[in-house]
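Colleague: Structure in structure tokens, see below.
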Amino acid sequence: MSDRGLKTNSSSDIRAVEAAAARWFVRLHDHPVSRETEAEFDAWLDQAAEHRECYMRCELVMAMGRGLATEAELQADIDFVAAIAAREAAAQERSRRFREKRSIWFSAAATVLLMVATGAYFFTHHVETQIYQTQVGEQRRVVLADHSTVTLNTDTVLTVKLSDQSRRIEMQRGEAFFSVAHDTSRPFEVIAAGGLVRAVGTEFGVQMKRDGVTVSVLEGAVVVLPKASDPVAGVPHLTANMAVSYRGGGGIGEVQAADVRRITAWREGKLVFDQVPLADAIAEFNRYSPRKVQVSSASVGSRPVSGVLQIGDMSSLRFLLQESLGLKLIDQGDTLLLQAAPESNETGDARR
């Protein structure tokens with residue numbers, strides 16, 4: 001509703017009708033009324049359509065207070081009735097009894113206005129927050145309220161914040177893979193080490209390491225900003241099978257081919273190595289194991305290795321190292337020391 005619904009001849013006529021409607025509302029709701037008063041009220045309503053319209057606006061406010069009306073456009077009507085109350089408050093010729101009754105109605109109207117304003121703010125700005133975490137060696141898949149999915153790799157902590165206006169993931173550590181539900185009204189953002197990754201509907205992974213963050217896209221496109229506060233406009237998109245690394249708040253590296261095989265493997269519970277230095281392979285294995293393997297020397301760590309291991313499968317790792325590479329694992333309690341066996345030849349590589 002709005003003032004365009006009133007067809008009176010002047011603004012003074014409108015104000016007079018508004019004031020009369022407010023007075024009738026107070027009289028009818030503050031105490032029992034006689035039949036004569038009801039008849040007088042009915043006669044006033046029948047005098048003009050504007051009388052009935054103004055009075056119904058007053059009733060709408062009370063309906064909202066009782067939870068009987070939920071239309072979003074009623075805010076205009078609440079403002080309308082509040083204006084009537086304000087003008088009534090400024091009137092000079094009112095009896096003490098009527099002022100007391102009117103103040104009660106003002107309080108009710110103010111309460112309704114506060115309820116509406118508070119409710120609107122809550123539903124518009126409420127943020128649903130959840131923290132998800134995995135232990136060393138654990139993986140976890142989570143379906144979010146927007147139907148996006150997040151797969152947490154080992155030793156990962158992240159916070160999910162969803163509202164009607166935004167979707168934001170704040171990564172504290174670890175690695176995660178995101179399958180984002182398409183929603184152009186709410187871009188999907190991942191904050192990691194001060195940088196920002198923004199997507200709409202895509203699949204990508206984010207890995208946090210000591211020397212920076214690597215973003216890999218398997219499907220769709222994302223925007224990567226090494227500093228979250230930087231403007232997004234004009235930043236090139238990272239598309240399928242591309243990857244880039246950055247330092248939080250610092251520079252961004254060159255775009256490279258994404259290691260799709262590695263990402264697919266860990267999501268299936270596997271580790272895949274293809275001619276990588278043994279030290280790097282051991283470091284990756286250690287991410288999933290509470291019991292760490294230490295490499296005794298640079299010469300041992302530099303040996304290339306290829307193979308496929310189940311995550312956390314120490315027996316398979318031992319077989320690869322001892323039987324295929326001729327290395328020796330020495331039990332040191334909390335750790336295992338990897339060193340060359342006296343008879344081993346520290347050259348070449350092994351495949352399983």
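Colleague: Classify region 269-340 as rounded, prolate or oblate from the Cα gyration tensor: take a ≥ b ≥ c as the square roots of its eigenvalues, call it rounded if a/c is under 1.5, otherwise prolate when a/b beats b/c and oblate if not. Don't jump to the answer; show the numbers that get you there.
Modeller: Details: a/c = 1.43, a/b = 1.04, b/c = 1.37.
Rounded is the answer for region 269-340, as its axis ratio a/c remains below 1.5.
Colleague: Hey, can you rank 36-43, 214-221, 167-174 by average C-beta count inside 10 Å, highest first? Present the calculation step by step, with values, prior to reporting the outcome.
Modeller: Working: 36-43: 11.4, 214-221: 19.9, 167-174: 18.4.
By packing density, highest mean first, the sequence is 214-221, 167-174, 36-43.
Colleague: Can you classify region 128-260 as rounded, prolate or oblate using the Cα gyration tensor, where a ≥ b ≥ c are the square roots of its eigenvalues, rounded means a/c under 1.5, and otherwise it's prolate if a/b beats b/c and oblate if not? Before the final figure, lay out the partial values.
Modeller: On the way: a/c = 1.41, a/b = 1.12, b/c = 1.26.
Rounded, because the longest to shortest axis ratio a/c is under 1.5.
Colleague: While we're on this one: Ranked highest first by average number of other Cβ atoms within 10 Å, how do 196-206, 130-140 line up?
Modeller: 196-206, 130-140
Colleague: Step through the residues of region 155-164 one at a time and calculate ³J(HN,Hα) from phi using the Karplus curve (6.51 cos²θ - 1.76 cosθ + 1.60, θ = phi - 60°), rounding each to whole Hz and writing x for Gly and Pro.
Modeller: Once θ is set to phi - 60°, the couplings for region 155-164 become 6, 10, 10, 8, 10, 9, 10, 10, 9, 5 Hz.
Colleague: Give the order of His147, His237, His51 when sorted by the count of other beta carbons within 10 angstrom, beginning with the fewest.
Modeller: Numbers: His147 11, His237 14, His51 18.
So the ranking, lowest neighbour count to highest, is His147, His237, His51.
Colleague: What FRET efficiency, computed as 1/(1 + (r/R0)^6) with R0 = 45 Å and r the Cβ-Cβ distance, is obtained for Ser299 and Thr149, rounded to the nearest 0.05?
Modeller: Details: r = 43 Å, r/R0 = 0.96.
Result of the calculation: an efficiency of 0.55.
Here, each number is a calculation from the coordinates, and none is a lab measurement. Owing to the predicted nature of the structure, the values given are computational and were not obtained by experimental measurement. Heads up, the Cβs are rebuilt from the backbone with ideal geometry, glycines too, and the neighbour counts pull from every protein chain shown.
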